[in-house]
Structures are given as C-alpha cells and as structure tokens.
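The values are calculated or read from the model by the stated rules, or taken from the named source; none is laboratory data. Computed from a predicted structure; not experimentally measured. Note: ideal-geometry Cβ built from the backbone for every residue, glycine included; neighbour counts use all protein chains shown. Just the protein is used for accessible areas: all its heavy atoms, side chains included, with ligands, DNA and RNA removed. Shrake-Rupley method; radii C 1.70, N 1.55, O 1.52, S 1.80 Å.
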Amino acid sequence: MIYLLYGDNEFKKRAALAALVGDMEVVRRDGEELTATEVCEVVMGQSLFMLEQAVVITDASQNVALWRELPELLGETATTVVLLEAKLDKRTKTYKWLKSHAEVREYAHFTEHQKPQLSAWCVERAKVHGAVLTAAQATALIDRLGFDQLRLDLALQQLALAGELNDELINALVPLAPAESAFELFAAMLDGDRGKVRAIIAYLEAESGDDGAYQTLGLLVSQLVQLNALVLSGGNTGAVARDFAAHPYALRKGAPYAARTTPAQLAVINSALAQADEQMKTTRVSPWLLVEAALVDIARH
C-alpha cells in the first residue's frame, strides 16, 4: 500500500506516520538523494523478504527525475511505502497518479478561524504532558508561537517540566512572536510609556540581534500605515480592512489608539519613523538605538 502524507503540519504528519507503521520496522530514505535504482532495491527487497517493514521516503518531489519515475517504480509494490512531503505541485502527473493509486492525506496548519479549536487542543495536549493549561493561557501561547502544532507541543513539554503553569512562567519561557512584540512596542509608544519601550527593545535586541531591528521597524511601519488609515477614515475598520486587505483582528486592537490620535500627532509619528528608517539605511549607528530613540521621542509628545 502506498500513502502520501503532505502539508505543513509536521505534528499531524508525524502522528499519522506513527499510526500507519505501528510496530513495523521502518526504513527511511531521503528522496532528494535517492536514485531510481535505490528505490527498486529498497522497495522490491522489502516486498520479497520483509513484508512487515515500511519504507518511508521524504521529499521525493524535490528530486524531479525520481518524482517523474515514481509511478513506474511503485506501481507493482506490495510493500508499505509512505511518501512524506511538505509542499507539492498538484499539476504533476505523479501527483495525479498517486491520487488514483495511493491513500493521499493533507495535513495543514490551523487557520485564524480555527483558533478556538487549536486553543482547545493545547489545553488537552497540556494534560498529556501532565500540566494544566487554561483557555486564556492557550490563546496567549498561540499568539506568541503561531499555529504550528509541533512548535506548540514542544513548548508545552518544556513548560510542563517547569512545574505548575502560570502566566509569569509563560511570559518568562515563551518569547513573543515578532508581530506581537512589535504591537506591544507600538502600543507602549502610543501610551507614552518610555520605560516599557526601552524594556521591550532590550528584550528584542537580546532575542534577535541587529537584524531584528530592521524586521521590527518594518512591522512598526505596517502598524503605522493601519493607524493612519484608521485615523483618516474616522475609525472605519470595515473600510480599512477592505481597502488595505488588513486583518480585522489587528484593526480592532489598533482602533482605541486611533480614536485618541490626532492628525498632528500622526504627522509627528510618521516623521520620526521615516527619519529612523533613513538613518538605519545611511549610518553606522546601532539600528536598535535608532529605533529606541525614535519611539522614546514619540512617547514624549
């Protein structure tokens, strides 16, 4: 039997693979390095002598020549063959052949709309690791780490080892996602909280080095564009979401700040971040220092 397991959800793919192979011995091969002759040897060898073994081939689609020959190589096999793929070109003849001759399963990450389901999964998965996680903590974990179940599961394992889960532990052990960190920084700037601005920048600089400064400024500018749109539209989140293809969740978070920001204040923020961007491109000054100087200056107004 041939199985094709593909998609970006590594956690689900690994679980599906474990269920398929059960107690069988597993022969693993890297498809990018595999030749047609080696496929014949491993598959036919298993078919003749070791029917209780499974052959697992990873990323065969990245090997164009091999991928093209797979229908012929696997057509008569009685061996359990599992093809693991991250991304696939569904236009290829091999994929179309597999759709007819193999069991094909796609495993994708959860989406924003499925966040409640993923949060519930985190709560249940924490129990597997011997920990108790609240729904609010699960949501916070997703906000920090994203929708990758494998990454979330590893974080839950680490948190469980630390003992009783609480908000302080999560804040200490799980880094904020770049976008979430940038929003916290942007909010601290608009709140005039210079101490928090400096603290977040110190944290980000330690986490990501100088390269992180450029990414952070890009995220800040993205939020600034949305703030401009919200202020100039009178807080019309629906119009901004439609015209700028912005996510409604991000706009809802920014709406309270837009309501209390005047066009004059907006001009000051635009000018300060534009100047920081120019200086980061033209000077040798520490990029984090330039970001901090701009945000602290804005926070003073």
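Taking a ≥ b ≥ c as the square roots of the eigenvalues of the alpha carbon gyration tensor, segment 1-71 is oblate, as a/c is not under 1.5 and a/b does not beat b/c.
The accessible surface of segment 152-288, taken with every protein chain in place and a 1.4 Å probe, is 54 percent carbon and sulfur. For Thr35, the solvent-accessible surface with a 1.4 Å probe is about 60 Å², rounded to the nearest 10. Remark: the Cα gyration tensor places segment 149-301 in the oblate category, a/c being 1.5 or greater and a/b not exceeding b/c. For the chain, the longest principal axis of the alpha carbon atoms and the long axis of helix 10-21 meet at an angle near 20°. For the chain, the solvent-accessible area of protein heavy atoms averages 54 Å² per residue (probe radius 1.4 Å; ligands and nucleic acids excluded). Shown are Phe183, Phe244, whose ranking by accessible area with a 1.4 Å probe and every protein chain present, most to least, is Phe244, Phe183. Remark: segment 258-267, residue by residue, has Karplus-estimated 3J(HN,Hα) of 5, 5, 10, 9, 8, x, 5, 5, 4, 5 Hz, where x stands for each Gly or Pro and the curve is 6.51 cos²θ - 1.76 cosθ + 1.60 at θ = phi - 60°. In the chain, the DSSP-assigned H stretches of four residues or longer account for a calculated mean residue ellipticity at 222 nm of -21000 deg cm²/dmol, using -39500 (n - 2.57) per stretch and the full residue count as denominator. Remark on Gly146: its backbone amide H falls under 5 Å from none of the residues 5 or more positions apart or on other chains, H modelled at 1.01 Å from N. Here the Karplus relation 6.51 cos²θ - 1.76 cosθ + 1.60, evaluated at θ = phi - 60°, turns the backbone of segment 198-209 into coupling constants of 5, 5, 5, 5, 4, 5, 5, 5, 5, 6, 10, x Hz, with x for every Gly and Pro. Judged by the ratio a/c of the largest to the smallest principal axis of the C-alpha gyration tensor, segment 183-228 counts as oblate, that ratio being 1.5 or greater while a/b is no larger than b/c. With 25 Å as the limit, the listed pairs Lys115/Lys196; Lys115/Lys253; Lys127/Lys253; Lys196/Lys253 have Lys115/Lys196; Lys127/Lys253 beyond it between alpha carbons. Axis of helix 178-190 versus longest Cα principal axis of the chain: the two differ by about 10°, to the nearest ten degrees.
Put simply, the amide H of Val82, placed in the peptide plane, has neighbours under 5 Å in Tyr3, Val55, Val56, Ile57, leaving out anything fewer than 5 places away on its chain.
Only protein atoms count toward the accessible area here, which uses a 1.4 Å probe; on segment 8-120, the carbon and sulfur part of that area reaches 50 percent. In order along segment 60-70, phi translates into HN-Hα couplings of 5, 5, 6, 9, 4, 5, 5, 4, 5, 8, 4 Hz, rounded to whole numbers, per the Karplus curve 6.51 cos²θ - 1.76 cosθ + 1.60 with θ = phi - 60° and x for Gly and Pro.
Taking the C-alpha atoms only, the angle from helix 36-49 to the longest principal axis of the chain is near 60 degrees.
Close amide H pairs (under 5 Å, H built 1.01 Å from N) link Val104 with Leu4, residues at least 5 positions away or on another chain. For Lys99, the solvent-accessible surface computed with a 1.4 Å probe is close to 120 Å², ligands and nucleic acids excluded.
The charge dipole of segment 133-249, taken about its Cα centre with unit charges on the Cβ of Lys, Arg, Asp and Glu (plus for the first two, minus for the last two), comes to roughly 320 debye.
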